[in-house]
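Heads up, the thing below is written out as structure tokens.
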Amino acid sequence: MKNWKQVRADFPILDRKIEGKPLIYLDNAATSQKPLQVINALKNYYENYNSNIHRGLHTMSEEATLAYEGARERIARFIDAASEREIIFTRNATEAINIVVESWGKHNIQAGDEIVITAMEHHSNFVPWQKLAEDKGAKLVYIELAEDGNLDYQMAERLITNRTKIVAVTQMSNVMGTVVDLQKLGSLAHLNGAKFLVDGAQGVPHLPTSVRESDCDFLVFSLHKMLGPTGVGVLYGKEELLDLMPPMLYGGDMISSVTREKTTVNELPWKFEAGTPNIADVIASGVAIDYLLALGMENVRAHELDLTRHAMDLMLKLPSIKIYGPQNPELKGGVISFNYEGVHPHDMGQILNESGIAIRAGHHCCQPLMKTLGVMGTARASFYIYNTKEEIDFFVEALIKAEKVLNYVACR
Amino acid sequence: MSLVDDLYRETILDHYHNPRNRGTISDATVSTEGVNPLCGDELRLFLKIENGVVCDIKLESRGCSINTASGSMMSELVLGKSLEEAQAVISEFKNMMLTKGEDVTLPEELEELEALQGVKKYPVRIKCALLPWNTLDEGLKSK
Ligand SMILES: Cc1ncc(COP(=O)(O)O)c(C=O)c1O
């Protein structure tokens, strides 16, 4: 049994007060907080060995290169990649998807082809495909939600066909927490000769993830949602695919030799990392990965499931609260989207902030899903390693205490 | 001050619960759409302008309390106004919402709008209050 209370001591921000009350941070699906270890890694880099990588022969450049490449190795291990050549650093998950669309999609998608996504994709795994389909005359096909709020896997079986060129799905919904059966969708994709991309922006921070188990061709995620600093994302791709893809950006670092006549492109992964990368934040991301590895992702998942069960138990007892997506916490990550009858999620967010509770309100970059659910937006509470059952009790009590105000505000 | 005093004053909730001039105009001379990309709130505004006068205005909105109340108050205040007068009301309101710090006093006939000043304490919500007005501004300028 992990001592989760001890974890809290590593996060200085959790001592903050909001409106005079202790902060209860339940907006982890937007971005996570950072432990001291990560903050110190940034400071240590800038204070002690700040230098450019892959070029200097001096000590500090060597140290920085080692630390930067060390982060890549740890990330490869974290997602069970076969080689660190398959790990490309980007700015965020969104940029990683755009690289796949530009560098793979533009050369492999033709008129009449189909791109399969789900009804619950984040705009990041939606808009780039929509644009590509528009440009190429390809068709965007949606796997819808079933009655129980889960994905409709029977529909997936019908929709994924030999016309499908890629299946691009989220590992976990950032709105409802729905965990997707990657093995099932991946094997459907591969059976039909399609590629399989996983948007792991929500999944990788919260669930044990193995690219070899799910056999995905591409996996993207953002380190800022998993204890790391902002400004670092990852594109994982199978080596044989990345080898065939042209670089996105040209310039320094992505070359192996340049003459007036011709440039030869560097090998993986550097051919996709043109220019000086985000050295400090990548190094600190490696420390975030160490932190999660030390906790163990199985334990992280178990802790969040525990919190989610507890929260759902309490919230399902409140008659005016509607929870979206699967009602069974076992099918979900630690993300709960809800509305209070007649209250706009904005007003809900504002009212909870009075109690020091930070949740997110709005469409969560999933406007097509909001349309499917028939709402303008939702209020969303999302958990991470440092959240406690006591915080959830306080959150639910705040909802109950706010009933008077909520009913006063409500439009029915 | 509490949230109820600042944000959810009676006037605001009255307009939120019973928005005035809600609906569409089939023979509108102007129709504009506004969205708040931050939260996805949407608004459709219809105007019937004849001889330089706003002789009808209707709003169809799906938004939060502040957005809806602000649109409802706006519709009452510009109905029957000339285009110049309507523009002047827009300026007064925007000026009030964008003036930092102290409260702004409005001319008596616009007094009701002062209820929205509490929103200034919640900077992200200012956009909600401004959405109908920006949409109207755009509509009048497209004329
Ligand atoms: C499911 C999902 N995909 C993609 C993203 C985009 O991540 P980023 O903004 O870091 O690129 C997010 C983050 O909000 C997300 O939740």
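The values are calculated or read from the model by the stated rules, or taken from the named source; none is laboratory data. Keep in mind that this is a model prediction, so the values were computed, not measured. Positions of Cβ are backbone-derived with ideal geometry, glycine not excepted, and every protein chain shown enters the neighbour counts. For the accessible areas, the whole protein counts, side chains as well, though only heavy atoms, and no ligand, DNA or RNA atoms are used. Shrake-Rupley method; radii C 1.70, N 1.55, O 1.52, S 1.80 Å.
Restricting attention to the range A:218-241, the residues being buried (at least 24 other Cβ atoms within 10 Å of the Cβ) and away from the ligand (no atom under 16 Å from the Cβ) number 1. Only one of the listed residues (A:GLY334, A:GLY325) is more than 14 Å from chain B (Cβ to nearest Cβ), under 28 Å from A:VAL300 (Cβ atoms), touching a residue at least 60 places away in the same chain (Cβ under 8 Å) and open to solvent by 10 Å² or more (accessible area, probe 1.4 Å). That residue is A:GLY325.
On the stretch given as the range A:367-383, residues that are open to solvent by less than 10 Å² (accessible area, probe 1.4 Å) and in contact with a helix residue (DSSP H, G or I) (Cβ under 7 Å, 6 or more places away or on another chain) total 5. Selection of the range B:114-132 for residues being of a type outside the set (Asp, Glu) and surrounded by fewer than 22 Cβ atoms within 10 Å (Cβ to Cβ) yields B:ALA115, B:GLN117, B:GLY118, B:LYS120, B:LYS121, B:TYR122, B:PRO123, B:VAL124, B:ILE126, B:LYS127. Of all the residues in the range A:4-57, those that are among the charged types (D, E, K, R) and on the phi > 0 side of the Ramachandran plot number 1. Of all the residues in the range A:104-127, those that are surrounded by fewer than 20 Cβ atoms within 10 Å (Cβ to Cβ) and either within 17 Å of A:LEU219 (Cβ to Cβ) or within 16 Å of the ligand (Cβ to nearest atom) (or both) number 3.
Could you grab me the full set of residues in the range B:15-43 that are in contact with a Ser or Thr (Cβ under 9 Å, 6 or more places away or on another chain) and acidic (Asp, Glu)? Selection gives B:GLU33, B:ASP41, B:GLU42. Annotation note: Cβ proximity below 7 Å between a residue of the range A:349-378 that is within 13 Å of the ligand (Cβ to nearest atom) and a residue that is of a type in the set (Asp, Glu) (sequence gap 6+ or interchain) occurs for A:ARG360/A:ASP27.
Can you name every residue in the range A:169-208 that is over 27 Å from A:THR378 (Cα atoms) and open to solvent by 20 Å² or more (accessible area, probe 1.4 Å)? Result: A:GLN183, A:LYS184, A:SER187, A:LEU188, A:HIS190, A:LEU191, A:ASN192, A:GLY193, A:LYS195, A:PRO208. For the range B:10-29, state whether one or more residues are touching a helix residue (DSSP H, G or I) at 6+ places or on another chain (Cβ under 9 Å), hydroxyl-bearing (Ser, Thr, Tyr), more than 14 Å from every other protein chain (Cβ to nearest Cβ) and open to solvent by 20 Å² or more (accessible area, probe 1.4 Å). No, there is no match, as no residue in the range B:10-29 is touching a helix residue (DSSP H, G or I) at 6+ places or on another chain (Cβ under 9 Å), hydroxyl-bearing (Ser, Thr, Tyr), more than 14 Å from every other protein chain (Cβ to nearest Cβ) and open to solvent by 20 Å² or more (accessible area, probe 1.4 Å). Of the helices (runs of 4 or more DSSP H) lying entirely inside the range A:351-412, those containing at least 2 residues that are within 11 Å of chain B (Cβ to nearest Cβ) span A:367-373, A:403-409. Of the residues making up the range A:310-338, those that are farther than 30 Å from A:VAL234 by Cβ and not in a strand (DSSP E or B) are A:HIS310, A:MET312, A:ASP313, A:LEU314, A:MET315, A:LEU316, A:LYS317, A:LEU318, A:PRO319, A:SER320, A:GLN327, A:ASN328.
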